Amino acid sequence: MSKSRRRYVVCIHAEGAEDLEPRKLYQVREDVAAERRGHLRVVDESGEDYLYPKEFFAPVEVPEDTERALGSVGAARSSRPR
C-alpha cells in the first residue's frame, strides 16, 4: 500500500493575514470540518498549523521527488531543539 501524498498550496493573497507570504508554498493538513466551512489548515515553517480562508490559496501539484525533498526538510526542522 502506498503512502498518501501530501497536499500543497501556494498563497495567492494574504489580505489581513500578516503571517502568510504571497507566492510561498504551504503544506495542507487534512481537516474536513474546516474545509466544509471554507478554510484550509496550513503548516508554517515552525511546523505549526493554522486555519485560513481557502481563497487565500491555489492548489499546487508537486512531483513525488520534490515532495520527498520537502518532507525531509520538514523532518529536519521538527527534530531541532526549540
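The values are calculated or read from the model by the stated rules, or taken from the named source; none is laboratory data. Everything numeric in this text was worked out from a predicted model, so none of it was measured. Every residue, glycine as well, gets a Cβ built from its backbone with ideal geometry; the counts of neighbours run over all protein chains shown.
Under the condition of being small (Gly, Ala, Ser) and assigned to a loop (DSSP other than H, G, I, E, B), the residues counted in the range 16-37 number 2. Across the range 22-51, the number of residues qualifying as polar (S, T, N, Q) and surrounded by 14 or more Cβ atoms within 10 Å (Cβ to Cβ) comes to 1.
Among the residues making up the range 8-17, those that are over 13 Å from TYR50 (Cα atoms) and modelled with pLDDT under 95 are HIS13, ALA14, GLU15, GLY16. Within the range 52-74, the set of residues being surrounded by 12 or more Cβ atoms within 10 Å (Cβ to Cβ), in a helix (DSSP H, G or I) and of a type in the set (Val, Ile, Thr) comprises just one member, THR66. Contact map, the range 33-61: residues that are among the hydroxyl-bearing types (Ser, Thr, Tyr) paired with residues that are not in a strand (DSSP E or B), Cβ distance under 7 Å, separation 6+ or inter-chain. Pairs shown: TYR50/ASP44; TYR52/ALA17; TYR52/LEU20.
Scanning the range 14-37 for residues that are of a type outside the set (D, E, K, R) and within 15 Å of PRO59 (Cβ to Cβ) gives LEU25, TYR26, GLN27, VAL28.
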